[in-house]
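Rule-based calculations on the coordinates, nothing more; no lab input. In this text the structure is predicted, and so the values were computed from the model without any measurement. Using ideal geometry, Cβ is built from the backbone for each residue, glycine included, and neighbour counts are taken over all protein chains shown.
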Amino acid sequence: MSADRTYFITSSKDKSAKIVETSSLEVLKTYMTDTPLNSAAIMPKVQEFVVMGGGQEAMDVTRTSSRQGKFECRFWHKILEEEVGRVRGHFGPINTIAIHPDGRSFASGGEDGYVRVHHFDEDFFTFKFQI
């Protein structure tokens, strides 16, 4: 949910995440990826980003490398619907993403059995997306 609860984000195995308006359930934004998504979260205040994660199905993981499985957290510009970065680290599908309320860190949990806590550098807060 957004901080003001007027919209929320969903993620899906169909390789998309969507921002939906709470009152009318109208789809406002769609983010298409090349991998199934299990979780998505909206950055509070600090930056206009959404974070999503997923990856190849767990039963197929042994047949490919972790790089091919696409087990990474993806950052998208919330308004412009453009991917701006990725954070690697998991060796299996990411099942959940949670962003700290102050927006200075986030955690991801995956089927590899790890919860990874990531803290943003100061450069993250001064980043300006070039249009």
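Using each residue's phi in segment 102-109, evaluate 6.51 cos²θ - 1.76 cosθ + 1.60 at θ = phi - 60° and report the 3J(HN,Hα) Karplus result to the nearest Hz, with x for Gly and Pro.
7, x, 9, 7, 8, 10, 10, x
Once the piece of chain linking residue 107 and residue 120 is laid out straight, how much longer is it, given 0.36 nm per residue of separation minus the C-alpha distance between them?
Extending this stretch completely gives an extra 3.6 nm.
Could you derive backbone 3J(HN,Hα) for segment 10-16 from the dihedral phi with the Karplus parameters 6.51, -1.76 and 1.60 (θ = phi - 60°), listing whole Hz in sequence and x where the residue is Gly or Pro?
10, 9, 8, 5, 7, 6, 9
Given the peptides 17-25, 48-56, 119-127, arrange them by the average over their residues of other C-beta atoms within 10 Å, most packed first. Mind showing how you got there, number by number?
On the way: 17-25: 14.3, 48-56: 23.2, 119-127: 10.4.
Packing order, densest peptide first, comes out as 48-56, 17-25, 119-127.
Once you place label points 7 Å from the Cα toward the Cβ at residue 98 and residue 8, how far apart are they in nm?
Reported label-point gap for residue 98 and residue 8 is 1.7 nm.
Would you mind computing, in nm to one decimal, how far apart the modelled labels at residue 26 and residue 57 are, each placed 7 Å from Cα along Cα→Cβ?
Spacing of the two 7 Å Cα→Cβ label points: 3.7 nm.
So what's the back-of-envelope 222 nm ellipticity for the chain, counting only DSSP H runs of four-plus at -39500 (n - 2.57) apiece and dividing by all residues, rounded to 500?
-1000 deg cm²/dmol
Quick query: amide H of residue 112 versus all other amide H atoms, modeled in the peptide plane; which residues come in under 5 Å with a sequence gap of 5 or more or a different chain?
91, 92
From Cα pairs below 8 angstrom and at least 6 apart in sequence, can you work out the relative contact order of the chain, rounded to a whole percent?
Worked out over the chain, it gives 17 percent.
Going by C-beta contacts inside 10 Å, put 42, 94 in order with the fewest on the left.
Ordered from fewest to most neighbouring Cβ atoms within 10 Å, 42, 94 come out as 42, 94.
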